Every structure is written in structure tokens, then in C-alpha cells.
Amino acid sequence: METSSRLTVGFIINPYAGIGGALALKGSDGADIREKALAAGAEKKAAKRAETALKLLQPYKQQLHFVTADNEMGADSLKALGFSFDSVYKASETPSSPEDTKKAVSEIVTHDVDILLFAGGDGTARDIYQVVPEQQLVLGIPAGVKIHSGVYAISPTGAGRVIEKILQGELSSIHNADVMDIDEDAFRKGTVKARRFGEMSLPAELEYVQAVKMGGKESDEMVLDDIAAEVTERIDDELLVMGSGSTVEAIMQSMGHENTLLGVDLVQQNNLLAGDVTESRLYEAVAQRETGSVKLVITLIGGQGHLLGRGNQQLSPRVIRHIGKENIWVVATKTKLQALNNKPLRVDTGDSELDRELSGTIRVITGYHDEVLMPVAAVY
């Protein structure tokens, strides 16, 4: 594709994607969850994530035309950033529903869009998969709590870069990626039941497109025991913010505590202070303590390498800033790190300045008195 050609982009936002993340609701699927999140003061962030991708494309306005849905499902963001667009669908109710997503996409793709760009989470990808033609090229902007699917860019900026490369004629091939989703009810009870629903086609720009999340528990119990022994030996009287994942779960079990596998817990002096805390409760807890007196224990998502910004939105930029990079303990087996195939660990906090501050290198606890140095990259 020559750079002078005009690209027609289908564009849609699930305005409520990710709304349950900071409140530890483990997802945003279902009207009851959205209502609960809104009632608790949750902020809708999907549009901001989408606009981060769009801002990279502003120098190419003359080469772009969008086909979208009314209001917060797409048109508001495009209008605010000065893009050319046609709105071809209006939701019958507010808030919009998954049915609105499917109806809007069904209409958008009839307008011969070159690629469908969408902002949401796994539930959004699943809805879109049900209605898009098999050969339709798609690309997701990650904005949800759950991002297991391989149809998403590694960050909003990454999505913008992919479209930019298409405009510059640098992409010529496509590949199929899995659409995944999980049982949110089981998710909220600490069990991951991921299911593959099918495949969608997307640009084969692997630098900017994430891998499908690896499932299952770590199998090497001896290594996990060694990691747990190292962490517990380091503990003094700090407040421990225990993140998500089976590696952190092994540490909690070694301390004799129940663990929120897919949430954030607070521990101090071997006492479980609070389980499955929300972002506001977490910030309240860390803000009253001096920097250095709080340690964050986290692991990475297998196969992707994401440390922050996937499934742990309780760890917001203000929480991370107060804790400080030097007080983050990353734990992982060497097998898990080797599976990244020399890719860096990734951070996508939603705050680009903080992402840059976190980039560089970080020590990863891989056993008892055993660490490795890993690169950390801010995803753009």
C-alpha cells in the first residue's frame, strides 16, 4: 500500500471496558458489574486508551477515513482529535451493551473497511468475533481487565504504530490469532478457565502485537519453594503488596495465608491485613507509609512478559509511584523467563511517563539467593 493511498478504518470503543479493574471486580462483563463499578465511582478509561492510539495517527489525517458509531462508542473521540469519519450506528440506550457492539460492528464492516480497530477487553473481542467476516482484518487496543486474546496490540501506542506502518506500506502479511475469554464468575473465585472461541486475522507486526496468555500453574514446585524462601527471608516489617499470579500464590502459601490468585492482598509481619483490595483501599494503605516501607511482589504474565497493566489495574500509577521501582520485587522461574525468547518485560500502566521511569533493567528473583537481571520496556 502506498503512503498516498487512503486507509478506511472501522473504529469502535466499548466505553465500559476495564471499568471493573481498579475496583477488583475481575472484569466488566454484565450490566450488574458496570452498574456496581459506576456506583462506586469507577472512571471510564477506554476512550482515553483509544485516543492514545489515535494521537499517533494525527500526522496522517489526510490518508485516513474512519467508519464508526455515535457518541462515546467512537465518534466523540474522532471528532475531538479532528479525524474524518462517518458514523453509521447509534446505540438505542445508554449505557451501550454488548449487543450494541455487535450491531455496530456488523454495520461498520459493510462499508469496506480495510481494518477494524477496536478498544476493549476479551469480552469485546469475543463479541466482535461473532459478527465479523472471516477475512476481515482487525486489531485491538487493550482497554479491558482481561486481555488473554492474541488479537490485541501490546499497548494503545502499539496499536497506533501498527496502523502507522500500514500507512507507510511496511506491512504485507497477516496472521490469525486466538480469541480467548474466561468465565468471570470463576475468575472472581480465583480460578482461571480460559476458553478459545476462534481466530481473527490481524497485521503480522509481532513487535507490537501480544502473545496469547499462557495458562496453567508453574509445575516446578521446588523452584517455587526456593523463590518463596528467598522472599520470606528478605521480609522485615514492611507492608507487602502481594500481586496476582501463581508464583506469588506460592509465596503466600508458604507464609500460611489464603491468597487472592487474581487480586491484590496486603500482608505485614506475617499477618494478612486485607485481601482482594481495590485501588482506592490500596492507595490509602501505601500513602500513609514512607517510601521504602512498602514492597510490591509481582510476577509476569507467561508468554507475554507484562508486569503491569494486565489484570492488575489496582496497581495504579499513583500506587506504583509511591512504592517506587526500587521497592518492586519481581518473582519468576527461569523457565518462565526463558519462554519470552529474549523479549523484555513490559509495562503498560496507562501513564507513559511512569512507563519510561520503570523501563531499563530490573532484578528478578528466580530462586533462593538467585537473581537475574532483565530488561524492562515501556510499550509504545
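The values are calculated or read from the model by the stated rules, or taken from the named source; none is laboratory data. As the structure is a prediction and not an experimental result, all values here were calculated from the model. Cβ placement follows ideal geometry from the backbone for every residue including glycine, while neighbour counts extend to all protein chains displayed. Keep in mind that these areas ignore ligands, DNA and RNA; they rest on the heavy atoms of the full protein, side chains included. Shrake-Rupley method; radii C 1.70, N 1.55, O 1.52, S 1.80 Å.
For the stretch 286-313, give me the residue count where each residue is among the polar types (S, T, N, Q), modelled with pLDDT under 90 and under 19 Å from the mean Cα position of the chain (by Cα). Reasoning before the result, please.
Filtering the stretch 286-313 for residues among the polar types (S, T, N, Q) gives 288, 291, 293, 299, 304, 312-313.
Among the residues that remain, those that are also modelled with pLDDT under 90 are: 291, 304, 312-313.
Among the residues that remain, those that are also under 19 Å from the mean Cα position of the chain (by Cα) are: 304, 312-313.
Here the count works out to 3.
Taking into account only those residues within the stretch 92-107 that are in contact (Cβ under 8 Å) with a residue 12 or more places away in the chain and of a type outside the set (S, T, N, Q), which is most open to solvent (accessible area, probe 1.4 Å)?
The residue in question is K103.
Taking the criterion of being open to solvent by less than 60 Å² (accessible area, probe 1.4 Å), farther than 20 Å from V297 by Cβ and in contact (Cβ under 8 Å) with a residue 60 or more places away in the chain, would at least one residue in the stretch 357-378 satisfy it?
no
So in the stretch 198-223, with the set limited to residues that are modelled with pLDDT under 85 and among the polar types (S, T, N, Q), which one is least open to solvent (accessible area, probe 1.4 Å)?
That would be Q210.
Can you list the helices (runs of 4 or more DSSP H) found entirely within the stretch 302-380 that contain at least 2 residues being closer than 27 Å to L57 by Cα?
352-358
Has the stretch 124-133 got at least one residue that is assigned to a loop (DSSP other than H, G, I, E, B), in contact with a Gly (Cβ under 8 Å, 6 or more places away or on another chain), more than 20 Å from K48 (Cα to Cα) and open to solvent by 10 Å² or more (accessible area, probe 1.4 Å)?
There is no residue in the stretch 124-133 that is assigned to a loop (DSSP other than H, G, I, E, B), in contact with a Gly (Cβ under 8 Å, 6 or more places away or on another chain), more than 20 Å from K48 (Cα to Cα) and open to solvent by 10 Å² or more (accessible area, probe 1.4 Å).
Please go through (1) in a helix (DSSP H, G or I); (2) surrounded by fewer than 21 Cβ atoms within 10 Å (Cβ to Cβ) for G82 and return the number of the only condition it doesn't satisfy.
The number of the failed condition is (1).
Quick one: V67 ticks every box in (1) closer than 30 Å to E279 by Cα; (2) part of a strand (DSSP E or B); (3) in contact with a Phe, Trp or Tyr (Cβ under 8 Å, 6 or more places away or on another chain) except a single one, so which number is it?
(1)
For every residue, the table says whether it meets (1) open to solvent by less than 10 Å² (accessible area, probe 1.4 Å); (2) in contact (Cβ under 8 Å) with a residue 24 or more places away in the chain; (3) touching a strand residue (DSSP E or B) at 6+ places or on another chain (Cβ under 6 Å); (4) among the aliphatic types (A, V, I, L, M).
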{"site": "A274", "(1), (2), (3), (4)": "no, no, yes, yes"}
{"site": "E279", "(1), (2), (3), (4)": "no, yes, no, no"}
{"site": "A287", "(1), (2), (3), (4)": "no, yes, no, yes"}
{"site": "E290", "(1), (2), (3), (4)": "no, no, no, no"}
{"site": "T299", "(1), (2), (3), (4)": "no, yes, yes, no"}
{"site": "Q304", "(1), (2), (3), (4)": "yes, yes, no, no"}
{"site": "Q313", "(1), (2), (3), (4)": "no, yes, no, no"}
{"site": "R318", "(1), (2), (3), (4)": "no, yes, no, no"}
{"site": "H322", "(1), (2), (3), (4)": "no, yes, no, no"}
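Pick from the stretch 244-269 the residues that are out of contact with any strand residue (DSSP E or B) (no Cβ under 6 Å at 6 or more places or on another chain) and acidic (D, E): which of them is nearest to N312 (Cα to Cα)?
Across the stretch 244-269, the extreme among qualifying residues is E249.
May I ask you to say which residue of A91, A104 is in contact with a helix residue (DSSP H, G or I) (Cβ under 9 Å, 6 or more places away or on another chain) and either modelled with pLDDT of 95 or more or part of a helix (DSSP H, G or I) (or both)?
Details: A91 fails: either modelled with pLDDT of 95 or more or part of a helix (DSSP H, G or I) (or both).
The conditions single out A104.
Which numbered condition in (1) touching a residue at least 24 places away in the same chain (Cβ under 8 Å); (2) open to solvent by 10 Å² or more (accessible area, probe 1.4 Å) is the only one that N342 fails?
Of everything listed in (1) touching a residue at least 24 places away in the same chain (Cβ under 8 Å); (2) open to solvent by 10 Å² or more (accessible area, probe 1.4 Å), N342 misses just condition (1).
Given the conditions (1) open to solvent by 40 Å² or more (accessible area, probe 1.4 Å); (2) free of Cβ contacts under 8 Å to residues at least 60 places away in the same chain; (3) more than 14 Å from M374 (Cα to Cα), report the number of the one that G350 does not fulfil.
Going through the list (1) open to solvent by 40 Å² or more (accessible area, probe 1.4 Å); (2) free of Cβ contacts under 8 Å to residues at least 60 places away in the same chain; (3) more than 14 Å from M374 (Cα to Cα), G350 breaks only (2).
Which pairs turn up if I take residues in the stretch 234-259 that are hydroxyl-bearing (S, T, Y) and part of a strand (DSSP E or B) and look for partners that are open to solvent by 20 Å² or more (accessible area, probe 1.4 Å) and modelled with pLDDT under 95 with beta carbon separation below 6 Å, at least 6 apart in sequence or on another chain?
Cβ pairs passing all conditions: none.
Scan the stretch 224-243 for residues that are open to solvent by 30 Å² or more (accessible area, probe 1.4 Å) and either out of contact with any strand residue (DSSP E or B) (no Cβ under 9 Å at 6 or more places or on another chain) or over 14 Å from K295 (Cα atoms) (or both) and jot them down.
Once the filter is applied, which keeps residues that are open to solvent by 30 Å² or more (accessible area, probe 1.4 Å) and either out of contact with any strand residue (DSSP E or B) (no Cβ under 9 Å at 6 or more places or on another chain) or over 14 Å from K295 (Cα atoms) (or both), the stretch 224-243 yields D225, D226, A229, T232, E233, D236.
Per-residue answers, yes or no, for (1) under 15 Å from V67 (Cα atoms); (2) surrounded by fewer than 24 Cβ atoms within 10 Å (Cβ to Cβ):
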{"position": "D86", "(1), (2)": "yes, yes"}
{"position": "K90", "(1), (2)": "yes, yes"}
{"position": "V109", "(1), (2)": "yes, yes"}
{"position": "L139", "(1), (2)": "yes, no"}
{"position": "I154", "(1), (2)": "no, no"}
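Hey, does the stretch 159-166 have a residue that's open to solvent by less than 10 Å² (accessible area, probe 1.4 Å), at negative phi and touching a strand residue (DSSP E or B) at 6+ places or on another chain (Cβ under 6 Å)?
Within the stretch 159-166, one or more residues are open to solvent by less than 10 Å² (accessible area, probe 1.4 Å), at negative phi and touching a strand residue (DSSP E or B) at 6+ places or on another chain (Cβ under 6 Å).
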